[in-house]
Structure formats: structure tokens, C-alpha cells
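The values are calculated or read from the model by the stated rules, or taken from the named source; none is laboratory data. Since the structure is predicted, the reported quantities are computational estimates derived from the model, not experimental observations. Here Cβ is always computed from backbone atoms with ideal geometry, including for glycine, and neighbour counts include all displayed protein chains.
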Amino acid sequence: MEASANPQFSIVITTYNRQRLLTACLNALLAQVDAAPVEVIVVDDGSRDGTAAYLAGLAQAGAIRHLHQRNAGWPAARNRGWRTARGDVVAFLDDDCVPAPDYLAALAGAWARWADADVVGIGGRIAAQPGANYAGRLRAAGHVMVFEALNAPYGTRVGAPGRVDFCYGGNRSLRRDVLAVMKGFDETLRYFDDNDLDWRLRAAGRQQWYDPAIVAAHDYRLSAWTRIRADYLYGRSVPRFTRRHPDYPHDRLAAVTLPSVPATPGERVAFRLVQAFCYVARQTGLRYTRWQLGRQSATSNQ
């Protein structure tokens, strides 16, 4: 499990208080690293569970590079990871995604296949792990439909490779030099940081591709707290994102209609109860950021 001294790929995983999920992710990834020139970097974004001790043990064994920081969110953790990376290509995995047994081979194969093209990023497929609850099954279906809606101009579908303007944030890779030019992820966003980078790459004329052979299985067992927190961060980020990208195809997303997802009556009732709290959380986030932006505007006009 020794990391490569001259890695072609740096795999960056960001984590926060999810040791169980992170362990599954790393077990699957570290089983593959002996066959590939890679380094694995895990950025602990201020976890308070047993994550730090677990990662310290792996780092001491030489299996990973372990970075720790005070909690600052996904974009800051991702930036910390790629800025310390040595690989020419930086691949990002979320801690709740388990890479397939051939993940590294598929990643290397995709970059070799498009090496001569003007490709700066390659996204992979997000599959659903077994055991998703109703909220998770809805989220998984939504992720597929959003992917295909945003990439509709190229006709790219989830099951076939093609050019994209949007990649799944939990399974994507980018050239490190391009990340440096683009200044990485916007740390003022706690949500949409991937979409923001995708849209900046598109505006700069940079090409990204998608290869469904690069697979990571996502844990879609969404707790009530996970949903409420995500909606709050969503609300916090929407005003900044829409102000920055007025040309973003929100109309395409608004036209997305989720398919019917099987559920028991109890699941539907529980989902709607939590959804009411999610609505309040999102509106709270929206109002707070709009207040912040209003103060900033008033200050700059003085």
C-alpha cells in the first residue's frame, strides 16, 4: 500500500465526521494502489469523531497523506488537497463514495484515451449503493436527470461517454495545472462549488469529458439531519451562484420532472415531515446570504 514517489494521479478525498463511510471508501481504494502510480490524500475538514486517529494510523503506515484543518467546507478542503498534490491529474472522491474495484484502471485508461485531445477534466459515474432510503432514492434519480439535463447540448447520457459541461462532484478528475489556472474551487460557496468550476471551465473554452466506466458507488441513505443541513447550505449558496452565473441553464433544471419512486405510505409521510424542515432551512439560508450581499453592496456604495 505504499504511495508512489512519482504519482501520475493524486486521489483527494475530503471528509467530515463520517469515519464509517470513509473507511469503506479507503478500503476499496487502497486495495488498488499497488497497481497504479498514485498518491492518496485525505483532507479531514475538522472531524470530531474517530476520523483523525484512524487517518493518523494510515498515514504512519505510508498508505495515505493526511491533512487536517478546521471545518471550512468542501471547497476549502478540496483546495487544500489539490494544492499539496504531486500528481499531474487530481481525482476527487467523496467520502461517501466507494470506488469500483477497477476504478483506478478505468481512470488511467480514460486519461490515456484522451491524452492527445484538449481535455482538462474527466468525470465518472455515480452509482447507488444498496440500501438507500426513500429520500436517497429520490436524490439518486434526481442526480441522473440533472446530469442529463445540464449536458443535453452534447447529447451525453449517464450510460455513455461524451463531452460534458457538468460532472458529478463526488467522482471527477482534473489536470492539476488547470486547477491552478482556474484557482480551484470557490470557498465562498458551501454548495454548487463543482457547478461553479464547471461553468468557469466552459466559459474559458476548456473541454471536459465523461466516462461511465469510472464508477463510484454513492451511499444514498440520507438522514433527516443530512437533508436539512444540505438544504441550508443550498440556500446559503444559491444567491451567490446565480449572481455569478446569470447564463446558467436554470430553465433546463426547472423542467426536470422526477420519475415515480416506489415507497411505502410511512416512507412518504416521514419524507414530507422532514421536507417541511428542509424548506425552512433553505429559506433561512437564502435570507441570510441575501442579507449579507445587501450589506456588502451598501458598504461598497458608501
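All of (1) buried (at least 19 other Cβ atoms within 10 Å of the Cβ); (2) farther than 28 Å from V158 by Cα; (3) modelled with pLDDT of 95 or more hold for R240 with one exception: (3). Selection of segment 248-277 for residues being within 19 Å of L189 (Cα to Cα) and in contact (Cβ under 8 Å) with a residue 24 or more places away in the chain yields Y248, P249.
Residues are listed down the side, and each one gets a yes or a no for (1) over 25 Å from S260 (Cβ atoms); (2) hydroxyl-bearing (S, T, Y); (3) under 14 Å from the mean Cα position of the chain (by Cα):
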position: D88; (1), (2), (3): yes, no, no
position: P99; (1), (2), (3): yes, no, yes
position: A106; (1), (2), (3): yes, no, no
position: A128; (1), (2), (3): no, no, no
position: L138; (1), (2), (3): no, no, no
position: G162; (1), (2), (3): yes, no, no
position: D177; (1), (2), (3): yes, no, no
position: F192; (1), (2), (3): yes, no, yes
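None of S260, S300, S237, S223 is in contact with a Leu (Cβ under 8 Å, 6 or more places away or on another chain) and polar (S, T, N, Q) except S237. Of all residues being of a type in the set (G, A, S) and farther than 16 Å from L93 by Cα in segment 200-226, which is surrounded by the fewest Cβ atoms within 10 Å (Cβ to Cβ)? Just the residue, please. Per the stated criteria, the residue is G205.
Output yes when any residue across segment 78-85 is in contact (Cβ under 8 Å) with a residue 12 or more places away in the chain and more than 19 Å from the chain's Cα centre (by Cα), and no when none is.
No, segment 78-85 contains no residue that is in contact (Cβ under 8 Å) with a residue 12 or more places away in the chain and more than 19 Å from the chain's Cα centre (by Cα).
Only a single criterion out of (1) touching a residue at least 24 places away in the same chain (Cβ under 8 Å); (2) out of contact with any His (no Cβ under 7 Å at 6 or more places or on another chain); (3) under 22 Å from L253 (Cβ atoms); (4) not aromatic (F, W, Y) is not satisfied by G155, namely (1). If the condition is being under 25 Å from R200 (Cβ atoms), at pLDDT 95 or above and out of contact with any Phe, Trp or Tyr (no Cβ under 6 Å at 6 or more places or on another chain), then segment 114-142 contributes V120, G121, G124, R125.
Give the residue, chosen from L107, L189, L197, that is of a type in the set (A, V, I, L, M), in contact (Cβ under 8 Å) with a residue 40 or more places away in the chain and under 30 Å from L293 (Cβ atoms). Walk me through it before giving the result.
Working: L107 fails: under 30 Å from L293 (Cβ atoms); L197 fails: in contact (Cβ under 8 Å) with a residue 40 or more places away in the chain.
Result: L189 is the single residue among L107, L189, L197 that is of a type in the set (A, V, I, L, M), in contact (Cβ under 8 Å) with a residue 40 or more places away in the chain and under 30 Å from L293 (Cβ atoms).
Checked against the criterion of being part of a helix (DSSP H, G or I), aliphatic (A, V, I, L, M), buried (at least 16 other Cβ atoms within 10 Å of the Cβ) and in contact (Cβ under 8 Å) with a residue 60 or more places away in the chain, segment 45-57 contains not a single residue that satisfies it.
Every residue, every condition in (1) surrounded by 20 or more Cβ atoms within 10 Å (Cβ to Cβ); (2) modelled with pLDDT of 95 or more, yes or no:
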| position | (1), (2) |
| --- | --- |
| D198 | yes, yes |
| I228 | no, yes |
| R272 | no, yes |
| R287 | no, yes |
| L293 | no, no |
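Considering the conditions (1) out of contact with any strand residue (DSSP E or B) (no Cβ under 6 Å at 6 or more places or on another chain); (2) closer than 23 Å to G123 by Cα; (3) hydrophobic (A, V, I, L, M, F, W, C), A216 is excluded by exactly one of them, (1).
Looking at V256, V269, which is the one that is in contact with a helix residue (DSSP H, G or I) (Cβ under 9 Å, 6 or more places away or on another chain) and among the β-branched types (V, I, T)? Write out each step before concluding.
Values: V269 fails: in contact with a helix residue (DSSP H, G or I) (Cβ under 9 Å, 6 or more places away or on another chain).
One residue alone meets the criteria, V256.
Mind listing whichever residues of segment 119-164 are surrounded by 21 or more Cβ atoms within 10 Å (Cβ to Cβ), farther than 22 Å from L104 by Cα and in contact with a helix residue (DSSP H, G or I) (Cβ under 7 Å, 6 or more places away or on another chain)? Within segment 119-164, A135, L150 qualify. Answer yes or no: is there a residue in segment 95-109 that is farther than 16 Å from A213 by Cβ and surrounded by fewer than 17 Cβ atoms within 10 Å (Cβ to Cβ). For segment 95-109, residues farther than 16 Å from A213 by Cβ and surrounded by fewer than 17 Cβ atoms within 10 Å (Cβ to Cβ): absent.
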